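Just so you know, all these numbers are worked out from the coordinates, no wet-lab data involved. Quantities reported herein were computed from a predicted structural model and do not represent experimental measurements. No Cβ is skipped: glycine too gets one built from the backbone with ideal geometry, and neighbour counts run over all protein chains shown.
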């Protein structure tokens, strides 16, 4: 247990003699009663089997922040870092600020933020390894870095930037509510260290001493409807109608009198001038750009070929019956294995990749991993059973295969090939659906749109068709490319419709989604326009190709040029998808919370100094 000092000040002890029964969202505050979990169970803090004597041990606790009192001294950050022995580049609690007004009536509002230990936390649902647990004890959401394999998905889904991915250790850590202090009746370290009496802590909905508000919103705070966070605010002083952020995010907050609060909107701090910013297309998520595009292409290739064989689609059925079929499957499987390896290297701890299946009940990332694995398994089985019909060109024929496996009749093997092929298609389509679900994140409005689905399935058709044509053009049925042109066109049009709707909706909805679209059309304006123009030209070119039905070397060259254009367009579009998204995080004006400062530190070499708190890129 945590050792209480004999001279511990009175203000550091928890004081909640009376509590409410339910919070403002209608949920029971007594979490043992809510969940049915037994009482008196040890949290085994540091291996200690003791159970705290706190009378409110099973009631939801939360922070209370009084913005009027915060002086921006960062004592809460320092106390948290010292308590948890954190390196300079991590901070479970951070103080950012927003600014508003004009001289001499200029206002800065400091905001201290850590994990809010939400009623409906998104981190346990998103984490594929089940490293998160919401405990009935104090309502603490605790993460175990020893289980985490460092995918960073929890840092995407959290609206408050609470989980911190450590690129050196390769795992995530976050605020644990100082449950060891709570067990002995002490408030968290950050609260006890606050010089301005801005931070308080206790059973949620309780009004701390000398306070008059328990609001759920403050300028810059994301919508509490996403997770029902257990933090309450007080801000009574007169403030400007508009606040700006002092970090690199082009977002500001404007008073909405109808909603009795502040809403986020675009701050066009970068002007309206378009830029190329080619270097800015590269990000830590480059492996995901490759993984998603290749996975969609591979699944598209097999789905088209299998459907062609099953339904007798002109051209595709000829490929499925040709000697190219099995070598093409081997090549596609090899590509998929390669990008799967690349995706595991994107993890902080690649050797723990197998833990990605731990949360199939909730995590779309776990479900995507299962879908891709099933696709590969059924594809492999389909390949084996197809040997009875095709053999392996250049090695041995179907008769030799039948001799090696005499207990399989050709008819039975063909039936199994059909069944496993159908299952591979279903698993692949399911994997792509859950790939889309990964990005439907409320904390990232630019991604949370149905366009992600049309983009993924559209790319499946367009890239899948392009690859089949590049491998098989001129070798098989002359009508193949005309048939493929139909599927490629459908894929491109589906993606284009989604992009048009996405741009329209982002401009309408306001907030971080509109701010991300602003970044797309300014900081990355020329690549964005080039992508859109190239997509329109590609659609026209593929339609013309299908109508003209060229043959011979001309068909191969034209298809190759169009396919290369489609591939490059997809690469640029997917890179833009990752680099422009703006999450609904709290303002971050200092070091690790300020992406602009991080970029500056890496460019100038400041990141090589540990005390700066910025780690050089390790991926």
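I'm checking a number: the convex hull volume of the Cα atoms of the chain, normalised per residue, in Å³. What is it? The partial results should precede the final answer.
Numbers: hull volume 115.9 nm³, N = 619.
Considering the Cα atoms of the chain, their hull volume per residue is 187 Å³.
Given R₀ = 22 Å, FRET efficiency for residue 507-residue 547 by Cβ-Cβ distance, to 0.05?
Working: r = 35 Å, r/R0 = 1.59.
Efficiency at R0 = 22 Å is approximately 0.05.
Could you work out how far helix 325-345 tilts from the main Cα principal axis of the chain, as a 0 to 90 degree angle to the nearest 10?
20
What's the extension gain from residue 53 to residue 217 if we count 0.36 nm per residue and subtract their Cα-Cα distance?
On the way: separation 164, 0.36 × 164 = 59.04 nm, distance 3.27 nm.
Computed gain between residue 53 and residue 217 is 55.8 nm.
Could you tell me how far the Cα centroid of segment 500-522 sits from the Cα centroid of segment 145-168, in Å?
Taking the Cα centre of each part, segment 145-168 and segment 500-522 sit 26 Å apart.
Would you compute, for the Cα atoms of segment 279-579, the largest minus smallest coordinate along each principal axis and list the three values in descending order, in whole Å?
Principal-axis extents of segment 279-579 (Cα, largest first): 65, 51, 30 Å.
In nanometres, what is the gap between the two model label sites at residue 278 and residue 197, each 7 Å from Cα along Cα-to-Cβ?
My value for the distance between the label points is 6.0 nm.
Could you work out the percent of alpha carbon pairs in segment 1-68 separated by over 20 Å, rounded to a whole number?
Value for segment 1-68: 47 percent of Cα pairs lie more than 20 Å apart.
Measure nothing but the geometry: give the 0 to 90° angle between the long axis through the Cα atoms of 552-579 and the longest principal axis through the Cα atoms of the chain, rounded to 10°.
10
Could you please tell me the mean projected area of the C-alpha convex hull for segment 231-388, averaged over all directions and given in square nanometres to one decimal? Let's see the in-between values first.
Working: hull surface 70.1 nm².
With every direction weighted equally, the projected area is 17.5 nm².
For segment 18-146, calculate the relative contact order in percent as a whole number, restricting contacts to Cα pairs under 8 Å that are 6 or more residues apart. Before the final figure, lay out each step's value.
On the way: 143 pairs, mean separation 29.5, N = 129.
It comes to 23 percent, rounded to a whole number.
Report the full-extension gain for the segment residue 606 to residue 311: residue separation times 0.36 nm, less the Cα-Cα distance, to one decimal in nm. Don't skip to the end; give the middle numbers.
Details: separation 295, 0.36 × 295 = 106.20 nm, distance 6.14 nm.
Length gained, residue 606 through residue 311: 100.1 nm.
Label residue 358 and residue 263 with points 7 Å out from Cα along Cα→Cβ: what is the distance between them in nm?
For the pair residue 358/residue 263, the computed spacing is 4.1 nm.
For 13, 545, 2, what ranking results if the residue with the fewest other Cβ atoms within 10 Å of its Cβ goes first? Walk me through the numbers on the way to the answer.
On the way: 13 14, 545 21, 2 17.
With the sparsest Cβ surroundings first, the list reads 13, 2, 545.
Pull out the extension gain between residue 617 and residue 85, defined as 0.36 nm times the separation in residues minus the alpha carbon to alpha carbon distance; nm, one decimal. Each step should come with its number before you reach the end.
On the way: separation 532, 0.36 × 532 = 191.52 nm, distance 2.25 nm.
Extending this stretch completely gives an extra 189.3 nm.
Normalized C-alpha radius of gyration of segment 117-252, against 2.2 N^0.38 Å?
On the way: Rg = 16.4 Å, N = 136, 2.2 N^0.38 = 14.2 Å.
Dividing the Cα Rg of segment 117-252 by 2.2 N^0.38 Å gives 1.15.
Hey, fewest Cβ within 10 Å first, where do 382, 117, 346 land in order? Please report the intermediate quantities before stating the final value.
Values: 382 23, 117 27, 346 18.
Fewest-to-most Cβ neighbours within 10 Å comes out as 346, 382, 117.
Return the distance in nm (one decimal) between the two label points of a simple spin-label model at residue 21 and residue 426, each offset 7 Å from Cα along Cα→Cβ.
Going by the 7 Å Cα→Cβ label model, 4.9 nm.
Apply 1/(1 + (r/R0)^6) to the Cβ-Cβ distance of residue 169 and residue 33, taking R0 = 35 Å, and write down the FRET efficiency to the nearest 0.05.
Numbers: r = 38 Å, r/R0 = 1.08.
FRET efficiency, residue 169 to residue 33: 0.40.
Against the longest alpha carbon principal axis of the chain, how many degrees, from 0 to 90 and to the nearest 10, is the axis of helix 75-84 turned?
Roughly 60 degrees between the two axes.
Please order 553, 147, 313 by the number of other Cβ within 10 Å, starting at the fewest.
Numbers: 553 10, 147 17, 313 21.
Least to most surrounded, the residues fall as 553, 147, 313.
Can you quote the Å³ per residue value for the convex hull of the Cα atoms in segment 64-141, rounded to an integer? Please list the in-between numbers first.
Working: hull volume 12.1 nm³, N = 78.
Once divided by residue count, the hull of segment 64-141 is 155 Å³.
Give the peptides 453-465, 220-232 in descending order of average Cβ contacts within 10 Å, highest first. List each step's numbers first, then the result.
Values: 453-465: 25.0, 220-232: 21.7.
Sorting 453-465, 220-232 by mean packing, highest first, produces 453-465, 220-232.
For segment 1-151, what does the convex hull of the Cα positions come to per residue, in cubic angstrom? Provide the component values of the computation, followed by the final result.
Details: hull volume 29.7 nm³, N = 151.
Output value, Cα hull per residue: 197 Å³.
When the Kirkwood radius is taken over all Cα pairs of segment 193-234, what Stokes-Einstein diffusion coefficient follows at 4 °C and 1.567 mPa s, in µm²/s?
Translational diffusion coefficient: 113 µm²/s.
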